[in-house]
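S.K.: Have a look at this one.
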Amino acid sequence: MTTTRRRFVQGGLATGALVAAPATIRAQTTPPVERTIRAVLHGDLRVFDPIWTTANMTSYHAGMVYDMLFGVNDKYEPQPQMVSKWSLSDDRKTYTFELRDGLRFSDGTPVTAKDCVASIRRWGARDGGGQHMMARLADTPVKDDKTFQIVMKEPYGLVVEWLAKAATNVCYIMREKEAQTDPNQQISTIIGSGPFVFNEGAVVQGQRYVYDKNPNYVPRSEPAVMTSGGKVVNVDRVVFENIADEATAIAAIRAGEIDMIEYPNVDLLDTLAGEKDIKLEVLNKQGQLGWARVNWLHPPFNNVKARQAMLHLIHPTEVMKATFGDEKYFRGCSSLFGMGTPMENDANIDWFKTAPNIEKAKQLLKESGYDGRPVVVLQATNIAYMNNAANLIAQWMRQAGFNVSLQASDWGAVVTRRAVKAAPDQGGWNVFFTSGSVNAFGNPVSLSGHAANGEKGWFGWPSNELHEQLRDKWAGAQTDAERKQIAREIQQNAWDFVPHLYYGQWFQPAALRKLTGLIGMPELIPFWNVKKG
Amino acid sequence: MLSYLAQRLVSTILVMTLVGIFVFLLLHLSAGDPAAIIAGDYATPQQIVAIRQRLGLDDPLLVQFGRWALRVIQGDLGVSIFSSTPVSALILQRLEPTLSLALLTMLFAVTIAVTFGVLAAWKAGRPIDRLLMGFSVLGFSMPTFVVGYGLIYIFAIELRWLPVQGYRALADGIGPWFLHLVLPTVTLGLAYVALIARMTRASMQEVLEEDYIRTANAKGVPARTMLMKHALKNAGVPIITVIGIGVALLIGGVVITETVFNIPGVGRLVVDAISKRDYPIIQGVILIFSGVYVLINLAVDLSYSLIDPRIRH
């Protein structure tokens, strides 16, 4: 058979139609661009189980797929979300919760009290606040399909606060089947009753995570405020795009290929400022807090004077300026609970008013009896603010008389080494830098880093009996005023024994392209209430 | 020929075994703990230990290696520590973008470079030769990310002719697939254009001085026939060698290009896996790439005898 020109053209057209066919089929199920939000968030979504990890990206994912029993309003007060009504017994030990009507998982099955109890128990095994609560828990009886109780051994004022908190780990409600998974093992099925459904078929691991509007979701009637109120979804699809290169992400939003960057590179913000469709907006008004942990197990920081010396030598403004440039995006932090949180206070902050004071740091270091041994400072070079903080603080430490050994690696190596309890010259460490959401610091009990329970605690292993007693007292307080007073006592004591240090608080703006209604809050980017165009 | 082929295949398996042992040891002896990364920043040391135990990362190194090697022999590259997805599925998902980019890049590079090289050799010492070789030096000297950002700025942001980033599967249609690959291909290909063009010019110049070319010229053979049929074929072996090396180097080159243009390829997969210490992915990708590398070299060696019948294996 000879190939004629006509036959060749026919063959070409047939091949083209064949290749294009799947696209045609897909086009029928892919929502239009104007009904799709493509967002570049602060990192890759590596783990899908919000109980297995404390990573914020996982909490963002879970906030789409799962719902919570309680949310919080803009005053951080708990408000019923999946719950319709609840009550506390006269002896203040028994909480009774009733679920609202119409709650369904995305597979169509109704949400029951059994699902809630199993989810609370799994969360309680992992979360700091949850563990604190579970240690005082007597029982969680299920009364009927929609009603369950949490019975405490003693009056405990934080049950609803813990269920409502947005800081990781969040108490998201899963099906009983998944919630019965060992908390140290990742769940394998992602089915929730939240405003979106995870579209696993459209996911490209490490690149793109797709969420479609949940047709089974019934939002509350109240207006959406933070995680409380009606989670009304105004788009058909949200895509988390993981664009690793910051300059590419900036170019993509300028070209209209994406609609949002959670944390655009601050050095490139000027290129966005002139774009008429793009606005820069600080969504997390509390911001992030940079903190330095010192190792209590080894000299010199097993001595309080050496730790106090560190308190006097850090100059937060300089550290922040090195990374964030414009002063409107950062501030110093003198409160143990972060600035702008309900527990913020000004107890025992004289050191902050005079810092940096290298002479004072020198004097305190001398009083500590420091023998000049190398002080190992871990420097994560792949994260700009940690890298800059390590460089600057190491220099100030040298000026104060520390013999600093700055050890550069990537963040992955830092998280491994910080767990080593051996002496710094045997693979251990003396100082490392990290950061967290200020919202998490506002709670003295749920943040693992606020504990001072020695080697059982978080890396750095601070130890202070009074601090632990005060944390317990705070958890047992019945009123906000009482909690605030105890928070002052905690801070008064903490800045004397110095469990850790802060090197600045920052508020990085998000870049939004033609998006309105995005609720600004810490720890979560809520994609309900958002309109595009 | 057959025994040569068998020998090379056996050596490929040997190389992959050695690479497997080396990569496994390198990864497990270097700093980094996936359990700590999985657990997140607020996790307590106890929670990290529990995850490590659950993932079997606390087992002796030999046990972990044995477990992995046994799976690999059975054709199972394991599952991602983070997402629990099979590594082979993750690689397969990323193969199309990487292969598309690599093939288009080589097609672009070889077409342009051989044309440039032949032209420059033919017009050696003239302005066109200097211009083309100057362009080659430029292409070779400019870092990939500089070229990439420059092209994005001009063609995607200012002119809006092409997309900034991303990849469209072939199944979405050839048009979108091609448009998304134009800028990455040019970015990645420029260095190879320079490399291959310079080698083609040098090789062609040598051949153009041969007696049989002078004879062909004297007989009045048209320039095009003389260059393409007589000279280029005889100058082919070193050019094929450089192209082969280029293909192998491309495996490394795609990593930066895939990052700059946000292409979900194998290069990005392995870089992301390294940052989070997802050992099975890193081991799987490197193992497969080492096999591909050896097979490309084998293909280049075999192609010599097709171009030059005097070469026999």
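S.K.: Rounded to the nearest 0.05, what FRET efficiency do A:Asp496 and A:Met134 give with R0 = 25 Å and r taken as the Cβ-Cβ distance? Could you check?
M.R.: That pair, A:Asp496 with A:Met134, gives E of 0.20.
S.K.: So which lysines pass the test for A:Lys360, namely a Cα distance under 17 Å, with those fewer than 8 places away in the same chain ruled out?
M.R.: Of all the lysines, those that pass the test against A:Lys360 - Cα under 17 Å, at least 8 places apart if same chain - are A:Lys305.
S.K.: With springs only between Cα atoms under 10 Å, which of B:Arg201, B:Arg71, B:Arg224 fluctuates most in a Gaussian network model of chain B?
M.R.: Judging by the Gaussian network model, the answer is B:Arg224.
S.K.: Counting only residues 5 or more places away or on other chains, whose amide H sits under 5 Å from the amide H of A:Asn403 once H atoms are built in the peptide plane?
M.R.: The list, which skips near neighbours in sequence, is A:Val375.
S.K.: What is the gain in length, in nm to one decimal, between B:Leu99 and B:Leu26 on full extension, counting 0.36 nm per residue of separation less the C-alpha to C-alpha distance?
M.R.: Taking 0.36 nm per residue and subtracting the Cα distance, the gain is 23.5 nm.
S.K.: Now, a different point. Considering only DSSP beta bridges with both partners in the protein assembly as shown, what is the antiparallel share in %, to the nearest 5?
M.R.: 80
S.K.: What is the distance in Å between the Cα centres of the stretch A:45-103 and the stretch A:305-339?
M.R.: About 33 Å separates the Cα centre of the stretch A:45-103 from the one of the stretch A:305-339.
S.K.: Something else: Which one of B:Phe22, B:Gly40, B:Gly66 has its Cα pushed farthest toward the positive end of the charge dipole of the stretch B:17-73, where Lys and Arg give +1 and Asp and Glu give -1 at the Cβ?
M.R.: Result: B:Gly66, furthest along the dipole toward the positive end.
S.K.: Can you flag which of A:Lys328/A:Lys484; A:Lys213/A:Lys285; A:Lys143/A:Lys231; A:Lys85/A:Lys143; A:Lys328/A:Lys531 are past 20 Å Cα-Cα?
M.R.: From A:Lys328/A:Lys484; A:Lys213/A:Lys285; A:Lys143/A:Lys231; A:Lys85/A:Lys143; A:Lys328/A:Lys531, over 20 Å: A:Lys328/A:Lys484; A:Lys213/A:Lys285; A:Lys143/A:Lys231; A:Lys328/A:Lys531.
S.K.: Which value, in Å² rounded to 10, gives the accessible area of A:Tyr60 with a 1.4 Å probe and all protein chains present?
M.R.: Taking all protein chains as shown, A:Tyr60 has close to 10 Å².
S.K.: Please give, to one decimal in nm, the separation of the simple spin-label points placed at B:Arg224 and B:Gln7, each 7 Å out from Cα toward the Cβ.
M.R.: If labels sit at B:Arg224 and B:Gln7, their model points lie 4.4 nm apart.
S.K.: Report the local net charge at B:Arg52: Lys and Arg +1, Asp and Glu -1, summed over other residues whose C-beta lies under 13 Å from its C-beta.
M.R.: Summing Lys/Arg as +1 and Asp/Glu as -1 gives -1.
S.K.: I would also like to ask the following. Given B:Ser84, B:Gly56, B:Leu99, which one lies farthest toward the positive end of the charge dipole of the stretch B:17-125, if we put +1 on the Cβ of every Lys and Arg and -1 on the Cβ of every Asp and Glu?
M.R.: Of B:Ser84, B:Gly56, B:Leu99, it is B:Leu99.
S.K.: Largest first, please: the extent of the C-alpha atoms of the stretch B:17-73 along each principal axis, to the nearest Å.
M.R.: Largest to smallest, the principal-axis extents are 39, 19, 16 Å.
S.K.: Something else about it: Sum up the lysine pairs in chain B that clear both bars: alpha-carbon distance under 24 Å and a spacing of 8 or more or different chains.
M.R.: Lysine pairs satisfying the spacing and distance rule in chain B number 5.
S.K.: Take the alpha carbon gyration tensor of the stretch A:473-533, find the square roots of its eigenvalues, order them as a ≥ b ≥ c, and report rounded if a/c is under 1.5; if not, report prolate when a/b exceeds b/c, else oblate.
M.R.: Note, shape of the stretch A:473-533 comes out oblate.
S.K.: Out of B:Leu190, B:Leu77, B:Leu14, any idea which swings most in a Gaussian network model of chain B, alpha carbons joined below 10 Å?
M.R.: B:Leu14
S.K.: Whenever you get a sec, line up A:Arg104, B:Arg130 from highest to lowest accessible area (probe 1.4 Å, protein heavy atoms).
M.R.: These residues rank, largest area first, as B:Arg130, A:Arg104.
S.K.: I'd like the accessible area for A:Glu359: 1.4 Å probe, protein heavy atoms, all chains in place, Å² to the nearest 10.
M.R.: 120
S.K.: How large is ³J(HN,Hα), in whole Hz, for each residue of the stretch B:174-183 in order, when computed from phi with the Karplus curve 6.51 cos²θ - 1.76 cosθ + 1.60 and θ = phi - 60°, using x for Gly and Pro?
M.R.: With coefficients 6.51, -1.76 and 1.60, one gets 5, x, x, 4, 5, 4, 6, 9, 4, 5 Hz.
S.K.: Compute the distribution of all C-alpha to C-alpha distances in the stretch A:70-179, in bins of 5 Å from 0, and list the percent of pairs in each, rounded to whole numbers.
M.R.: 2, 12, 23, 27, 23, 10, 3, 0
S.K.: OK, next. Calculate one ³J(HN,Hα) per residue across the stretch B:230-245 by plugging θ = phi - 60° into the Karplus curve 6.51 cos²θ - 1.76 cosθ + 1.60, and present them in order as whole Hz with x for glycine and proline.
M.R.: After applying 6.51 cos²θ - 1.76 cosθ + 1.60, I find 8, 6, 4, 5, 6, 8, x, 4, x, 5, 4, 4, 5, 4, x, 4 Hz.
S.K.: Stretch A:Thr109-A:Asp144 to full length: gain in nm at 0.36 nm per residue minus the Cα-Cα span?
M.R.: So the extension gain works out to 11.0 nm.
S.K.: Separate question: Quick one: Cα centre-to-centre distance for the stretch A:113-148 and the stretch A:400-418, in angstrom?
M.R.: With the stretch A:113-148 and the stretch A:400-418 each reduced to a Cα centre, they are spaced 40 Å.
S.K.: Taking H placed 1.01 Å from N in the peptide plane, check which residues at least 5 places from A:Val72 or on another chain put their amide H under 5 Å from its amide H.
M.R.: The list, which skips near neighbours in sequence, is A:Gln79, A:Thr227, A:Ser228.
S.K.: For the protein assembly as shown, how big is Rg over Rh, using alpha carbon atoms and the Kirkwood form of Rh?
M.R.: 1.03
S.K.: Check which residues have an amide H placed less than 5 Å from A:Trp291's amide H, if you skip close sequence neighbours.
M.R.: Placed amide hydrogens put A:Thr434, A:Ser435, A:Gly436, A:Tyr503 under 5 Å from A:Trp291.
S.K.: Can you compute 3J(HN,Hα) from phi for each residue in the stretch A:423-431, using the Karplus curve 6.51 cos²θ - 1.76 cosθ + 1.60 with θ = phi - 60°, rounded to whole Hz and x for Gly and Pro?
M.R.: 4, x, 7, 10, x, x, 7, 10, 9
S.K.: Let me ask you something else. With Kirkwood's inverse mean 1/r over C-alpha pairs for Rh, give me the Rg to Rh ratio of the stretch B:202-270, two decimals please.
M.R.: On the Cα set of the stretch B:202-270, Rg over Rh gives 1.31.
S.K.: For an R0 of 35 angstrom, estimate the FRET efficiency from the Cβ-Cβ distance between B:Ser84 and A:Val232 and round to the nearest 0.05.
M.R.: Efficiency computed from Cβ-Cβ geometry: 0.60.
S.K.: Within the set of other residues whose C-beta is less than 12 Å from the C-beta of B:Gln93, count the net charge using Lys and Arg as +1 and Asp and Glu as -1.
M.R.: Summing Lys and Arg as +1 and Asp and Glu as -1 gives +2.
S.K.: Still on this model: Can you put A:Val232, A:Val210 in order of accessible area, largest first, using a 1.4 Å probe?
M.R.: These residues rank, largest area first, as A:Val232, A:Val210.
S.K.: Please give the contour-minus-distance gain from A:Lys421 to A:Thr30: 0.36 nm per residue of separation, less the Cα-Cα distance, rounded to one decimal in nm.
M.R.: That pair, A:Lys421 and A:Thr30, stretches by 135.6 nm at full extension.
S.K.: Near B:Ile152, within a Cβ-to-Cβ distance under 15 Å, what is the net charge of the other residues, with Lys and Arg +1 and Asp and Glu -1?
M.R.: That sum, taken over residues with Cβ under 15 Å, equals -3.
S.K.: Right, another one. If you take every DSSP beta bridge fully contained in the stretch A:288-506, what fraction is antiparallel? Give it as a percent rounded to 5.
M.R.: Antiparallel bridges make up about 65 percent of those DSSP assigns within the stretch A:288-506.
S.K.: How many percent of Cα pairs in the stretch A:433-475 exceed 12 Å?
M.R.: Tail of the P(r) past 12 Å holds 60 percent of the pairs.
S.K.: Cross-link candidates for A:Lys366: which aspartates and glutamates have Cα within less than 19 Å, leaving aside residues fewer than 8 places away along the same chain?
M.R.: Partners within reach: A:Asp496.
S.K.: If one takes the longest principal axis of the Cα atoms in chain B, at what angle in degrees, from 0 to 90 and to the nearest 10, does the Cα axis of helix B:45-55 lie?
M.R.: 70
S.K.: Another question, if that's okay. Taking the alpha-carbon centroid of each part, what is the distance from the stretch B:238-288 to the stretch A:274-294 in angstrom?
M.R.: Measuring centre to centre over Cα atoms gives 33 Å.
The values are calculated or read from the model by the stated rules, or taken from the named source; none is laboratory data. Being a predicted model, the structure only gives us computed values, none of them experimental. Note: ideal-geometry Cβ built from the backbone for every residue, glycine included; neighbour counts use all protein chains shown. In case anyone asks, the SASA skips ligands and DNA or RNA and just uses the protein heavy atoms, side chains included. Shrake-Rupley method; radii C 1.70, N 1.55, O 1.52, S 1.80 Å.
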